[in-house]
Amino acid sequence: MAARFELYQDSAGEFRWILVASNGKTLATGGEGYASKESAKAGIQSVKKNVAAAKIEEK
């Protein structure tokens, strides 16, 4: 089973997402609530588009 994004509505009515590994562990969260489901989906698409080019920075 591959990693998956889970999209849900929180108790405040905002939409949120988490990225879950195949073992069920959370890999990442959106970090914020979105006013609409469409905005949350756009956040997921942005991660999917940009993550492959992300560099590792050591500080």
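The values are calculated or read from the model by the stated rules, or taken from the named source; none is laboratory data. Keep in mind the model is a prediction, meaning the values are calculated, not measured. Glycine gets a Cβ as well: all are built from the backbone with ideal geometry, and neighbour counts include every protein chain shown.
What the table shows:
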read-out: Residue in the stretch 24-36 that is modelled with pLDDT under 95 and more than 14 Å from the chain's Cα centre (by Cα) present; value: no
read-out: Close pairs (6 angstrom Cβ cut-off, 6 or more residues apart or separate chains): acidic (Asp, Glu) in the stretch 4-21, at pLDDT 95 or above and not in a strand (DSSP E or B) anywhere; value: Glu14/Gly33
read-out: Those residues of the stretch 1-17 which are under 16 Å from Ser39 (Cβ atoms) and of a type outside the set (D, E, K, R), in sequence order; value: Phe5, Leu7, Tyr8, Gln9, Ala12, Gly13, Phe15, Trp17
read-out: Cβ-Cβ under 9 Å pairs, at least 6 apart or on other chains, the stretch 30-59 side closer than 12 Å to Trp17 by Cβ, far side assigned to a helix (DSSP H, G or I) and among the hydrophobic types (A, V, I, L, M, F, W, C); value: Gly30/Ala40; Gly30/Ile44; Gly30/Val47; Gly33/Ala40; Tyr34/Ala40; Tyr34/Ala42
read-out: Subset of the stretch 29-41 that is touching a strand residue (DSSP E or B) at 6+ places or on another chain (Cβ under 8 Å) and part of a helix (DSSP H, G or I) - its residue that is surrounded by the most Cβ atoms within 10 Å (Cβ to Cβ); value: Ala40
read-out: Residue in the stretch 3-25 that is of a type outside the set (S, T, N, Q), part of a helix (DSSP H, G or I) and out of contact with any helix residue (DSSP H, G or I) (no Cβ under 7 Å at 6 or more places or on another chain) present; value: no
read-out: Restricting the stretch 44-59 to residues that are in a helix (DSSP H, G or I) and exposed (fewer than 10 other Cβ atoms within 10 Å of the Cβ), the residue that is modelled with the lowest pLDDT; value: Ala52
